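Asker: Sending over a structure as structure tokens; questions will come in a sec.
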Amino acid sequence: MDFGKKFDERRSALEEEFFARENQRLLEKLRRKKSHQEQKKALAEVSGITDDLVLEALIQNNIGSETLAAVSLVPLIAVAWADGHLHRKERQAVLDAARKHGLKQDTASFELLENWLKHEPSPRLLKVWKEYVGSLPKNQKQALRDQVI
């Protein structure tokens, strides 16, 4: 085999490897984008939200369709943590409200709620909640208000 032929074979193998890796990277990027779009669609269907910015904010804060039930309890969480400490009675009151809302213990919503009860959420969570509520139609806002109160 001559040097030129070996060189061409190696060059070809390197090009194939490069393009295989590049194709894999592009496929992964496409999957992430599709997954993100699917998350947004599911969240929109469950919540009734059509505002793209609100949907994006919810997703960026790891609030998906499976955890949206816990979001209705954000005002209670904010009040419970208002003094910087979560007291036993406050924790119990939030858990009672969660059960009343139908949150089951083995769900993602309940896990999210428990995390908020262990670690004070950032103020950004309440901001996202306000954006979420602001995007709801008037009748849904009233229903949510009645449910939370």
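Asker: At a probe size of 1.4 Å, how large is the accessible area of residue 65, to the nearest 10 Å²?
Answerer: 40
Asker: With a 1.4 Å probe and every protein chain left in place, tell me how much accessible area residue 9 has, in Å² to the nearest 10.
Answerer: Its accessible surface works out to 90 Å², give or take rounding.
Asker: On to the next question. Work out from phi, with θ = phi - 60° and the Karplus expression 6.51 cos²θ - 1.76 cosθ + 1.60, the ³J(HN,Hα) of each residue of the stretch 56-65, listed in order in whole Hz, and give x for Gly and Pro.
Answerer: So the Karplus estimates, Gly and Pro as x, are 4, 4, 4, 5, 5, 9, 6, 10, x, 4 Hz.
Asker: What nm distance separates the two modelled labels at residue 93 and residue 56, each placed 7 Å from Cα along Cα→Cβ?
Answerer: 3.7
Asker: Still on this structure, please answer the following. Using only the alpha carbons of the stretch 44-114, what is the convex hull's orientation-averaged projected area in square nanometres?
Answerer: 5.1
Asker: With all protein chains present and a 1.4 Å probe, how do 94, 46 order by accessible area, largest first?
Answerer: 46, 94
Asker: What length, rounded to one decimal in nm, is gained on full extension from residue 111 through to residue 38, with 0.36 nm per residue of separation minus their alpha-carbon distance?
Answerer: 24.1 nm
The values are calculated or read from the model by the stated rules, or taken from the named source; none is laboratory data. Source: prediction; values computed, not measured. Cβ: placed from backbone, ideal geometry, glycine included. Neighbour counts: every protein chain shown. Please note that ligands, DNA and RNA were not included when accessible areas were found on the heavy atoms of the full protein model with its side chains. Shrake-Rupley method; radii C 1.70, N 1.55, O 1.52, S 1.80 Å.
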